[in-house]
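The structure appears right after this line, and notes come after that.
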Amino acid sequence: MARSKGVTIHDVARRAGVSIAAVSMALNDTGTLSAATRLRIRGVAEEMEYQADALARGLRRSSVGAIGVVMRSLDALGQYAPRGVDVFTRYIGAASSQAMDRGLSLMLVPDPTRRPTPPLALSLDGYIVAMPHVDDPVVRLFERRGIPYVTLGRDPSRPDFVDWATEDDAVTIRRVLDHFEAGGARSVALVRGTDPNAWNMDSEAVYRRWCTDRGIASRVLEVPEGDGQEGGERAAHAIVDAAVPDAVLCLTGRHAAGVLTGLQARGVRVPEQTMIATASDSEHTRHSRPAISAVELNPVATTSAVLDLLQARIAGEPSAGPILTSARFRVRASSRRTPHTPQTEAP
């Protein structure tokens, strides 16, 4: 994927109607420009995404042997080490070690559309965008800059984009729902997040199809990911107030732990009355009492596939994407109703 030449200082000067020297003074905070002129030039530079990044412009001419990762779910949370959530660190760790095995360095970059963006961030050989949002500004930035990128998870705004990999969420969600059904569930509620990504959207679509196929009324509650366990507890009270279902599937581990706490506070016995499972394992799910059945994602296989796609894209080779990997559903006490249910269901 060829890079664009990008915006130059001459472009900024033309747009602002000033000299190149004035642009340099405004961006480097030197000279005798008035405060109003300095702010106006900086505003034009921001709008044009010019950052006087001489380092970036020089590095763009050749490979730097480094790639970036943007974790859009963490950007949305506004924190990069949410307590008890280890799935992101496992993906980052797997990507880092595998990148080094390939002779690449890996840089974790917070939302690069926010200012100021470190010049080096726009000089990397390519990017992995994890869980892109609908009409994602980070994807738009890389498109404008001509920076090669792939996504971990489907881009919901680009149905023709194939350079992505993820676990086969459709298979996994159906496996969990079938497990509920085998345990006697005839009513299942879904608690999903509000981030506008394919994981939330596609999981809900699979759940609704599963319910329709069985003549079951669907019940979907949307809880912001950032609300964590407290959001799950509120969802549990809303579920009980409507009618206690036979099972609850939560997409995030924190929501699942909160739902468990909320159901127990209302006197609902788990798993005897209501089974609980989550599509993302975490410390919360493993340490809850009862422990919560959870999907164990596959960061090693998935990041390996994503790196294959990114290296091919950087080299201008044909894409092998999209690539789906398999996850493992670990059945724990929160949904185990018979002594014959295996602890682990194979992918």
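Compute the acute angle (0 to 90°) between the alpha-carbon long axis of helix 228-242 and the principal axis of greatest extent of the alpha-carbon atoms of the chain; round to the nearest 10°.
On a 0 to 90 degree scale, this one is about 40.
Residue 205 to residue 178: extension gain in nm, 0.36 nm per residue of separation minus the Cα-Cα distance? Let's see the in-between values first.
On the way: separation 27, 0.36 × 27 = 9.72 nm, distance 1.55 nm.
Gain in length upon complete extension: 8.2 nm.
With both bridge residues required to lie in the chain, what share of the DSSP beta bridges run antiparallel, to the nearest 5%? Don't jump to the answer; show the numbers that get you there.
Details: 6 of 38 bridges.
In the chain, DSSP labels about 15 percent of beta bridges as antiparallel.
What is the calculated FRET efficiency for residue 20 to residue 102, with r their C-beta to C-beta distance and R₀ = 35 Å, to the nearest 0.05? Intermediate results must be reported in sequence, preceding the final value.
Values: r = 41 Å, r/R0 = 1.16.
Result of the calculation: an efficiency of 0.30.
Might you report the magnitude of the Cβ-based charge dipole of the stretch 9-52 about its Cα centre, with Lys and Arg at +1 and Asp and Glu at -1, to the nearest 20 debye? Let's see the in-between values first.
Details: 5 positive and 5 negative charges, 35 e Å.
Computed charge dipole of the stretch 9-52: roughly 160 debye.
With each pseudo-label sitting 7 Å past Cα toward Cβ, what's the residue 300-residue 186 distance in nm, one decimal?
4.3 nm
Treating the angle as unsigned and between 0 and 90°, give the value, to the nearest 10°, between the Cα long axis of helix 87-101 and the longest Cα principal axis of the chain.
With rounding to tens, the tilt is 50 degrees.
Could you give the semi-axes, largest first, of the ellipsoid that matches the chain, computed as the square roots of 5 times the alpha carbon gyration tensor eigenvalues and rounded to whole Å?
Values: eigenvalues 412, 97, 52 Å².
Whole-Å semi-axes of the equivalent ellipsoid: 45, 22, 16.
Output wanted: per-residue J couplings in Hz (rounded whole) for the stretch 9-22, from phi through Karplus 6.51 cos²θ - 1.76 cosθ + 1.60, θ = phi - 60°, x for Gly and Pro.
5, 5, 4, 5, 4, 4, 5, 7, x, 10, 7, 4, 4, 5
Give the angle, between 0 and 90 degrees and rounded to the nearest 10, that separates the Cα long axis of helix 169-182 from the longest principal axis of the Cα atoms of the chain.
10 degrees
Give the order of 241, 11 when sorted by the count of other beta carbons within 10 angstrom, beginning with the fewest. Working shown, then result.
Working: 241 9, 11 16.
Fewest to most other Cβ atoms nearby, the residues stand as 241, 11.
Quick check: net charge around residue 220, other residues with Cβ under 10 Å of its Cβ, Lys/Arg +1 and Asp/Glu -1? List each step's numbers first, then the result.
Values: positive: 192, 208, 219; negative: 204, 222.
Neighbour charge sum, excluding residue 220 itself: +1.
If I stretch the segment between residue 134 and residue 168 completely, what's the gain in nm (0.36 nm per residue apart, minus their alpha carbon distance), one decimal? Could the numbers behind the result be given before it?
On the way: separation 34, 0.36 × 34 = 12.24 nm, distance 1.97 nm.
That works out to 10.3 nm of additional length.
What does the helix-only formula give at 222 nm for the chain: each DSSP H stretch with n ≥ 4 adding -39500 (n - 2.57), the total divided by the residues, and the result rounded to the nearest 500 deg cm²/dmol? List each step's numbers first, then the result.
Values: 13 runs with 147 residues, N = 347.
Roughly -13000 deg cm²/dmol at 222 nm, from the helical runs in the chain.
Where a number appears in this text, it was derived from the coordinates with a stated rule and is not lab data. Quick caveat: nothing in here was measured; it's all calculated off a predicted structure. So basically every Cβ, Gly included, is an ideal-geometry build from the backbone, and we count neighbours across all protein chains shown.
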